Amino acid sequence: MTLQDSITTALKGLQATKSRSALTVLGIVIGISAIILMMALGSGAESLILNQIGGLGAETIVIRPGKEPSGPSDFGSTLFANSLKNRDVEALSRKENAPHIVEVMPTLVVPGSVSYEGETYQPSIIGGSVDFFSEAFQVYVQDGVTFDDADIRQNANVAVIGAKVKEELFGLSDALGQNIAIKNRKFRVVGVFPKKGQVGFFNFDELVIVPYTTAQLYLLGIDYYHEIIVKAESPGVVPRTVNDIEATLRETHNIADPKDDDFFVVTQQALVEQVQVIIGALTLFLSSVVAIALVVGGIGVMNIMLVSVTERTREIGLRKALGATQKDILLQFLLEAIILTGIGGVIGITIGGVLAFGASLIVQATFSSDWTFVFPISAVVLGVGVSTAVGFVFGIYPARQASKKSPIEALRYE
Amino acid sequence: MALIELENVEKTYDDGTQALRGISFRIEKGDFVAIMGPSGSGKSTVLHILGFLDRHTKGTYRFEGKTIDDYSDEELAHIRNQKMGFVFQAFNLLPRATVLENVMLPLLYSSTRPSLREQMAKEAIEAVGLSHRLGHLSSELSGGEKQRVAIARALVNKPEVIFADEPTGNLDSASGKIIMEILEDLNEKHGHTILLITHETYTAETAKRIVHILDGKVEGDNGVNQRRRAHDSFVK
């Protein structure tokens with residue numbers, strides 16, 4: 001018997017009990033479509049987050065105060081930690097301490113709003129260096145100028161604003177040279193970013209950047225920084241530079257044991273790996289929950305195949321009398337199970353894909369327009385593989401039962 | 001060399017029932033033998049053993065001169081497919097398959113090229129006079145027609161021997177007569193060896209020879225002196 005004959009025979013067997021086959025395969029359809037949905041959403045979330053992180057160049061290193069958070073409750077301590085100060089910036093800027101650092105920028109986040117002639121808007125106010133932002137994110141001031149190191153040294157009251165901020169406060173009129181108020185302090189608008197939307201961690205349209213010195217001194221009244229961002233020469237020297245940074249800061253902070261570190265270093269690579277690990281674990285967890293559905297579906301298939309084998313005892317006996325070997329019968333019933341679950345898999349992949357597409361539309365509309373619909377080819381391969389494997393695993397037992405039937409017993413069966 | 005040769009063949013089932021207690025007979029190529037006996041005599045067991053559907057427990061069975069003990073189940077399935085045809089009392093057709101598909105079934109398990117199968121099946125169906133029913137589902141046929149399809153299926157591989165187990169048992173006399181005519185015809189005109197199992201004397205007497213079996217033993221093995229012709233004397 002050729003394989004094609006076996007497949008034709010199996011298909012005819014399934015056709016004879018169409019509605020039963022359809023119901024049997026439902027469990028597989030649900031399981032596979034859920035897996036596809038999980039994987040598509042997981043990939044979508046991963047690419048969304050990685051895209052946002054990806055805006056920061058691979059040579060960027062972020063230093064945060066406090067202990068490295070190992071759980072959600074640790075984030076609070078990071079927010080209020082005050083261990084990063086100007087001496088750290090100075091120490092890191094010295095070539096003998098960290099030879100591969102090109103630039104060091106402290107940053108601060110200023111809560112609050114900006115206003116201009118009665119118009120008020122709530123942007124993200126960052127104390128930093130516009131040049132550093134421009135370099136790191138490749139977004140350059142379009143109208144006007146940036147503020148420079150001299151402005152930073154002199155705690156100048158200048159600001160560069162995003163396109164949306166400009167539109168909200170000034171409408172169509174010119175913003176350059178005008179004074180906006182942040183926490184009752186006047187800042188002169190020297191530059192406006194072009195409309196760029198989300199780049200890296202920041203939505204540039206919603207950004208107001210002021211010199212970090214001014215933010216620290218006049219807006220927040222603190223002597224520490226929220227973050228220090230460092231740019232290394234190239235991605236290749238990042239690991240070495242991380243070591244340099246840690247050594248330098250331990251020295252300035254008088255820390256002997258790395259366990260007592262009151263800062264931690266986040267690199268692009270580590271961040272990417274972290275996100276991948278988290279999303280991978282989440283996807284795996286959800287998929288294993290879904291796998292239970294597949295096992296239940298598989299048992300359903302086995303059950304129906306056993307019923308079918310019993311019902312068709314006479315047919316099996318006849319086929320054997322006409323020359324079918326055990327192998328022929330085994331293959332016939334095994335193929336029935338595999339084709340059944342395989343069809344379920346294909347339907348499941350289709351439904352899962354449609355659901356994932358629908359979900360991505362909803363996410364785009366409600367949360368983030370940067371969400372992209374990802375339909376991983378690995379999910380298709382996995383879906384087909386898993387569904388046929390389920391057919392094999394749960395079909396082999398009924399098929400063996402069928403193949404072992406003695407022809408005379410089977411022919412006598414009523 | 002006899003086509004079939006049984007020597008003191010015994011069959012004891014797992015539960016201890018002894019169905020055959022030393023059966024010996026030969027069937028030559030081209031013969032037409034009826035095996036007769038009341039129900040429970042062991043005649044069906046003989047047919048199962050002859051058709052490789054079951055294995056004997058003692059004695060020797062030679063098919064075409066070779067002892068079958070040496071064959072594996074797979075080899076027996078192959079020989080069964082190539083050299084034996086079966087006609088059952090209960091027809092045993094696949095109800096949801098057409099006449100053509102039913103007759104083609106043994107060819108699926110042979111090495112016949114797919115392109116030849118349909119032609120071979122059509123020839124066999126023509127031989128039993130059912131060419132006009134090719135595309136009908138077997139469940140749509142009358143009993144007599146079903147048995148003719150079964151004969152066509154038994155013929156399709158051009159077997160050495162056709163085993164017919166009470167082939168007229170489920171049929172009215174008119175249909176039974178047609179079936180017997182076909183079997184007679186296959187033996188006389190086409191030289192097929194036929195082994196017929198029956199408990200009816202008038203059916204058995206269409207054969208050339210009758211082997212009587214009683215309580216698992218051969219009671220008599222005689223040629224039929226006055227053979228009946230299925231055509232004019234087969235009446236139930």
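The values are calculated or read from the model by the stated rules, or taken from the named source; none is laboratory data. All of these numbers come straight from a predicted model, not from anything done at the bench. Positions of Cβ are generated from backbone atoms using ideal geometry, with glycine treated the same way; all protein chains shown enter the neighbour counts. These area figures cover heavy atoms from the full protein model, side chains too; ligands, DNA and RNA do not enter into them. Shrake-Rupley method; radii C 1.70, N 1.55, O 1.52, S 1.80 Å.
Per this entry, B:ILE125 is counted among residues that are at pLDDT 90 or above, crowded, with 23+ Cβ neighbours inside 10 Å, more than 11 Å from chain A (Cβ to nearest Cβ) and more than 20 Å from B:PHE25 (Cβ to Cβ). The set of residues in the stretch B:72-99 that are within 25 Å of B:GLY216 (Cα to Cα) and aromatic (Phe, Trp, Tyr) comprises B:PHE86, B:PHE88. How many residues does the stretch A:336-364 hold that are over 30 Å from A:SER6 (Cα atoms) and among the polar types (S, T, N, Q)? Count: 2. State whether the residues of the stretch B:32-49 include one that is farther than 18 Å from B:GLU166 by Cα, surrounded by fewer than 22 Cβ atoms within 10 Å (Cβ to Cβ) and within 20 Å of the chain's Cα centre (by Cα). Among the residues of the stretch B:32-49, not one is farther than 18 Å from B:GLU166 by Cα, surrounded by fewer than 22 Cβ atoms within 10 Å (Cβ to Cβ) and within 20 Å of the chain's Cα centre (by Cα), which makes the answer no. Looking at B:ILE35, B:ILE68, B:ILE23, B:ILE27 in this structure, which one is at pLDDT 90 or above and more than 23 Å from B:THR206 (Cβ to Cβ)? It is B:ILE68. Can you name the residue in the stretch B:194-206 that is open to solvent by less than 40 Å² (accessible area, probe 1.4 Å) and in contact with a Lys or Arg (Cβ under 7 Å, 6 or more places away or on another chain) and is also farthest from B:MET36 (Cα to Cα) among such residues? Within the stretch B:194-206, the match that is farthest from B:MET36 (Cα to Cα) is B:THR206. Within the stretch B:97-106, identify whether any single residue is within 12 Å of chain A (Cβ to nearest Cβ), open to solvent by 10 Å² or more (accessible area, probe 1.4 Å), touching a residue at least 12 places away in the same chain (Cβ under 8 Å) and not in a helix (DSSP H, G or I), and answer yes or no. Checking the stretch B:97-106: at least one residue is within 12 Å of chain A (Cβ to nearest Cβ), open to solvent by 10 Å² or more (accessible area, probe 1.4 Å), touching a residue at least 12 places away in the same chain (Cβ under 8 Å) and not in a helix (DSSP H, G or I). From the list A:LEU335, A:LEU331, A:LEU322, exactly one residue is within 14 Å of chain B (Cβ to nearest Cβ) and either touching a Pro at 6+ places or on another chain (Cβ under 7 Å) or open to solvent by less than 10 Å² (accessible area, probe 1.4 Å) (or both). Which is it? After applying the criteria, what remains is A:LEU322. Of the residues making up the stretch A:275-301, those that are among the polar types (S, T, N, Q) and surrounded by 13 or more Cβ atoms within 10 Å (Cβ to Cβ) are A:GLN276, A:THR283, A:SER287.
Per this entry, B:ARG133 is not counted among residues that are touching a Leu at 6+ places or on another chain (Cβ under 6 Å), open to solvent by 10 Å² or more (accessible area, probe 1.4 Å) and either closer than 24 Å to A:ARG412 by Cβ or of a type outside the set (Asp, Glu) (or both). Any residue that is away from chain A (no Cβ under 13 Å), of a type outside the set (A, V, I, L, M, F, W, C), out of contact with any Cys (no Cβ under 7 Å at 6 or more places or on another chain) and open to solvent by 10 Å² or more (accessible area, probe 1.4 Å) - is there at least one of those in the stretch B:70-93? Yes.
In the stretch A:247-264, is there at least one residue being open to solvent by 40 Å² or more (accessible area, probe 1.4 Å), under 30 Å from A:GLY13 (Cα atoms) and free of Cβ contacts under 8 Å to residues at least 60 places away in the same chain? Checked the stretch A:247-264: no residue is open to solvent by 40 Å² or more (accessible area, probe 1.4 Å), under 30 Å from A:GLY13 (Cα atoms) and free of Cβ contacts under 8 Å to residues at least 60 places away in the same chain.
Of the residues making up the stretch A:265-277, those that are in contact (Cβ under 8 Å) with a residue 40 or more places away in the chain and farther than 16 Å from A:ILE229 by Cβ are A:VAL272, A:VAL275, A:GLN276. Any idea which residue in the stretch B:144-193 is surrounded by the fewest Cβ atoms within 10 Å (Cβ to Cβ), counting only those that are under 11 Å from the mean Cα position of the chain (by Cα), part of a loop (DSSP other than H, G, I, E, B) and within 14 Å of chain A (Cβ to nearest Cβ)? Top of the filtered list is B:GLU160. Taking the stated definitions as given, is A:GLU311 surrounded by fewer than 17 Cβ atoms within 10 Å (Cβ to Cβ), within 14 Å of chain B (Cβ to nearest Cβ) and either closer than 25 Å to A:ARG20 by Cα or not hydroxyl-bearing (Ser, Thr, Tyr) (or both)? Criteria met by A:GLU311.
Are any of the residues in the stretch B:207-227 polar (S, T, N, Q), surrounded by fewer than 16 Cβ atoms within 10 Å (Cβ to Cβ) and in a strand (DSSP E or B)?
Yes, that holds for at least one residue.
Inside the stretch B:42-69, can you point out the residues that are within 14 Å of chain A (Cβ to nearest Cβ) and of a type in the set (Ser, Thr, Tyr)?
Going through the stretch B:42-69, the residues within 14 Å of chain A (Cβ to nearest Cβ) turn out to be B:42-56.
Of everything in the stretch B:42-69, those that are within 14 Å of chain A (Cβ to nearest Cβ) and of a type in the set (Ser, Thr, Tyr) turn out to be B:SER44, B:THR45.
The one condition from (1) open to solvent by 20 Å² or more (accessible area, probe 1.4 Å); (2) in a helix (DSSP H, G or I); (3) closer than 18 Å to A:VAL141 by Cα that A:GLN216 does not meet is (3).
Looking only at residues of the stretch A:1-48 that are of a type in the set (Ser, Thr, Tyr) and not in a helix (DSSP H, G or I), we find that the one that is farthest from the other protein chains (Cβ to nearest Cβ) is A:THR17.
The rows are residues; the columns are (1) at pLDDT below 90; (2) among the basic types (Lys, Arg); (3) in contact with a helix residue (DSSP H, G or I) (Cβ under 7 Å, 6 or more places away or on another chain).
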site: A:GLY348; (1), (2), (3): no, no, yes
site: A:LEU355; (1), (2), (3): no, no, yes
site: A:ALA365; (1), (2), (3): yes, no, no
site: A:SER368; (1), (2), (3): yes, no, yes
site: A:ILE377; (1), (2), (3): yes, no, no
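Is it fair to say B:ILE68 is in contact (Cβ under 8 Å) with a residue 24 or more places away in the chain and within 20 Å of the chain's Cα centre (by Cα)? So B:ILE68 fails the test. All told, A:ASP260 meets the bar of being modelled with pLDDT under 90 and over 17 Å from A:PRO106 (Cα atoms).
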